[in-house]
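Colleague: The structure that follows is given in the form of structure tokens.
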Amino acid sequence: MKTDNKLVGTGLLTAIAASLCCITPVLALIAGTSGLASNFSWLEPFRPYFIGLTILVIGFAWYQKLKPQKKIDCKCETTEKTNFMQTKSFLGIITLVAALLLSFPIYAHIFFPKPENKTIITQSSKIQKVEFTIKGMTCSGCEHHIKTEISKLKGIIEVVVSYEKSNAIVKFDNKQTSIAEIEKAINSTGYKSLKSKIIS
């Protein structure tokens, strides 16, 4: 029975490790310490291995739980109550929690506030479009975190962030904000703005 508990614990830990790089930006935003968001980005390359290990361990735990038990021919009375942590119900709860953790990057965006665009454009000649190369993004949670911080600045018209391309394309009124201010907002999240390039 102790082996079952170890399997369940291992499965849960690997599920947490697989999603830690995606959960951290949301936790950082809620806690108001957005600079901590990129601390676990180094885990991203190992995510497929953690996912595989989680599925393997939890699958084996279910196999152990569902395989037929050998019956002992004994006439003795058994009044021992099964511990909840050793039941199928508990294993079902752990499986559900692991599935939610593993799929977190898919629904992470719902935890980020929708940026409100209150920009009043003073002159169309002052509108600039700049591409920022960003280091450290690993999932859509990172994208939303950076987008949220940039959108807080005055003069931001449009923000498109892509973790796959490692960039952010920002359209803004350069009379109300600057490239340096946008870089500062990106860096405040814990991710690093490496370079910027004016598109138009």
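Colleague: Looking at (1) modelled with pLDDT of 65 or more; (2) assigned to a helix (DSSP H, G or I), which is the only condition ALA28 fails?
Modeller: So the condition that ALA28 fails would be (1).
Colleague: Still on this structure: Of all residues in segment 145-200 being out of contact with any strand residue (DSSP E or B) (no Cβ under 8 Å at 6 or more places or on another chain) and of a type in the set (A, V, I, L, M, F, W, C), which is farthest from ILE110 (Cα to Cα)?
Modeller: So the residue we want is ALA180.
Colleague: Moving on. Within segment 140-147, identify whether any single residue is in contact with a His (Cβ under 7 Å, 6 or more places away or on another chain) and modelled with pLDDT under 90, and answer yes or no.
Modeller: The answer is yes; a qualifying residue exists.
Colleague: When segment 144-200 is examined, which residues are found to be charged (D, E, K, R) and buried (at least 18 other Cβ atoms within 10 Å of the Cβ)?
Modeller: Answer for segment 144-200, where residues must be charged (D, E, K, R) and buried (at least 18 other Cβ atoms within 10 Å of the Cβ): LYS147, GLU149, ASP173, GLU183.
The values are calculated or read from the model by the stated rules, or taken from the named source; none is laboratory data. Since the structure is predicted, the reported quantities are computational estimates derived from the model, not experimental observations. Cβ coordinates were reconstructed from backbone atoms using ideal geometry, including for glycine residues, and neighbour counts include every protein chain displayed.
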